[in-house]
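Written below as structure tokens is the structure these notes are about.
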């Protein structure tokens, strides 16, 4: 368009702008600046006592049922936290789980109350003694002992809340998505 007259050039630019505008307006996709929601596969850095753990969040029943089944790739400071809507007594087993784990049970204030070992493929239920528990954290076996994390240790609930929001959940009602 080296020799086009100025009116033609102006019309061409206006037509291109209109075309681009219509294309963008018709899109159902979120704006490019919106952060995509995280998934159950994503890890979040969350402190337990003085140690940072890379946690995956098991919030939905299907995520909780699967847990760490079939996993052999759990890193040294990696774990999975199970988040429930209401305080309760908890019971876990190791069906199809090849990795030896420890499980820590936390109360609604985020205080670690109990820790138990769990053995590969053991289908006997490991139950909590307490019934005022809302979080369960599975880690590699002996992680709690080796890192000096004992009952009374505090779970960073602010970081956990931020992780839940990044997954699209309302921390006050984990079972229902907020977005």
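Taken together, the values in this text are just the output of simple stated rules run on the coordinates, not laboratory data. Fair warning: this is a prediction, and the values are worked out from it, not measured in the lab. Ideal geometry is used to build each Cβ from the backbone, glycine not excepted, and the neighbour counts take in all protein chains shown.
Please report, in whole Å³, the volume per residue of the convex hull around the C-alpha atoms of the stretch 40-118.
102 Å³
When N is the residue count of the stretch 44-177, what does its C-alpha Rg come to as a fraction of 2.2 N^0.38 Å? Before the final figure, lay out each step's value.
On the way: Rg = 13.5 Å, N = 134, 2.2 N^0.38 = 14.1 Å.
Against the empirical 2.2 N^0.38 Å value, I get 0.95 for the stretch 44-177.
State the extension gain, in nm to one decimal, for the chain segment bounded by residue 41 and residue 116, taking 0.36 nm per residue of separation less the distance between their alpha-carbons.
Here the segment from residue 41 to residue 116 would lengthen by 24.5 nm.
Per-residue counts of other Cβ atoms within 10 Å, averaged by peptide: what ranking do you get for 121-128, 67-74, 132-139, highest first?
132-139, 67-74, 121-128
Compute the distance from the alpha-carbon center of the stretch 76-121 to that of the stretch 129-143, in whole Å.
Here the answer is 3 Å between Cα centres.
Which shape class applies to the stretch 119-179: rounded if a/c is under 1.5, otherwise prolate when a/b exceeds b/c and oblate if not, where a ≥ b ≥ c are the square roots of the Cα gyration tensor eigenvalues?
prolate
So in the stretch 54-179, what percent of DSSP beta bridges are antiparallel if you round to the nearest 5?
80 percent
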